[in-house]
1. How many residues does region 7-42 contain that are more than 13 Å from the chain's Cα centre (by Cα), charged (D, E, K, R) and farther than 16 Å from LEU97 by Cβ?
2. Restricting to region 139-153, what's the tally of residues that are surrounded by 15 or more Cβ atoms within 10 Å (Cβ to Cβ) and at pLDDT 90 or above?
3. Pull out all pairs, ordered by first then second residue, where Cβ-Cβ is under 8 Å, the residues are six or more apart or on different chains, the first lies in region 77-91 and is of a type in the set (Asp, Glu) and open to solvent by less than 90 Å² (accessible area, probe 1.4 Å), and the second is in a loop (DSSP other than H, G, I, E, B) and at pLDDT below 90.
4. For residues that are under 13 Å from ARG157 (Cα atoms) and charged (D, E, K, R), tally how many sit in region 18-41.
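The values are calculated or read from the model by the stated rules, or taken from the named source; none is laboratory data. As the structure is a computational prediction, the values presented were derived from the model and not from experiment. With ideal geometry, Cβ positions are generated from the backbone for all residues, glycine too; neighbour counts draw on all protein chains shown. The accessibility values were calculated without ligands, DNA or RNA, using every heavy atom of the protein model including side chains. Shrake-Rupley method; radii C 1.70, N 1.55, O 1.52, S 1.80 Å.
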Amino acid sequence: MQADQIQGVPLLAPPGRLDFLDRQTVLLPAPITPLEAWNRIRSRPLPLLGLAFRIRDAVSARFGVRRIGGLGKAPSDSVRAGQRLDFFLVEHTAPNLLVLAERDRHLDVMTCISTHGAELAITSSVVTHNRFGRTYMLVVGPAHRLIVRAMLRRLMRG
């Protein structure tokens, strides 16, 4: 794992070199593992998330970005580094940490789901590589914050 971290969670680069950083936490009614959190998020997707992924794919494909298709619904019983969870590559897994990444010529994204007791955090960091990556994040960055906030609220409610 890399040395660039925030509260023990890895980042793509030191915070001052990131083009986007978002960390949101929630206190859940009971502890769950990061993989359980991922499975719950996938099992009940936000109503407009599928549409957002389809729009993202249609626009981004024109710039040579691989289509991601959104989140699947089938739960994963276990996961290890090198496997894929939907469009993310699993870079690291531990009982309290799941590190997911997607890298292309426009930007690198790392999303970490971490737990400490009943506290769950989702930390995302992005490094952009060109104008398209920066423009993409102008739109996706604010939307990402809202989407994660809504997902965490759903997890709180069970």
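1. Adding up the residues that qualify gives 3.
2. 4
3. ASP86/ILE68; ASP86/GLY69; ASP86/GLY70; ASP86/LEU71; ASP86/GLY72
4. So the answer is 1.
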